[in-house]
Every structure is written in C-alpha cells, then in structure tokens.
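First comes the structure, then the notes that go with it.
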Amino acid sequence: MSKPEKNTNGNNAAEKLGFFKRLWEGWKKIARVIGDFNARVILTVFYFILLCPFALMLKLFTDPLEIKKKEHVGWHDKEEDGEITPLEKARKQS
C-alpha cells in the first residue's frame, strides 16, 4: 500500500501569504521612518527658505512696535500769528 500524496498547494499558499504579510508590515515601518524624516527635512527647508528671509526683512525695514522715533508725517500744527483770533482768521480768508 502506498502513502497518499499530501496536498501541499494549500500549505504553500498560506506560507506565501504569511511571507507577504511580514514583508508588508516591514515596509510600513520603513516607510514611516522615511516619511518622518522627509517631513522634518521639508519643513526645515521651508522655514529657512521662506520664513527666515521674510522675518529678517520685516525686522530690518519695519518697526511694528514703533520703538524708533520717526519724523512726524502728516498734519502739522500751524504756528500762531500773534494775537489773531479765529474769527479774524476766518474774515481774512475771503
């Protein structure tokens, strides 16, 4: 009497599935590390290329807290013409 042959196709498929599952889980760990690294690099480059020059220009060319005294711009008070009253000034306009 001969031994019946074992069906190894089902067992082999399960082994392949397990192999690919382990491979996929390993890839997800590697991809996570790569993604975290890329995010840090991209954000750092973004900061130094865009935000730093903008902040430096703002700091050099503006005074948002108005700490430095500026020359007065706009309306200036007119010096008084002696003892002339506002009514007399109004009469001189015409």
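Every number here is computed from the coordinates shown, using simple stated rules; none is lab data. Computed from a predicted structure; not experimentally measured. Note that we place each Cβ from the backbone using ideal geometry, even for glycine, and neighbour counts take in every protein chain shown.
Among the candidates Pro64, Pro53, the residue that is surrounded by fewer than 10 Cβ atoms within 10 Å (Cβ to Cβ) and without any contact (Cβ under 8 Å) to a residue 12 or more places away in the chain is uniquely Pro64.
Determine, yes or no, whether Ile84 is assigned to a loop (DSSP other than H, G, I, E, B), surrounded by 10 or more Cβ atoms within 10 Å (Cβ to Cβ) and without any contact (Cβ under 8 Å) to a residue 60 or more places away in the chain. Yes: the conditions hold for Ile84.
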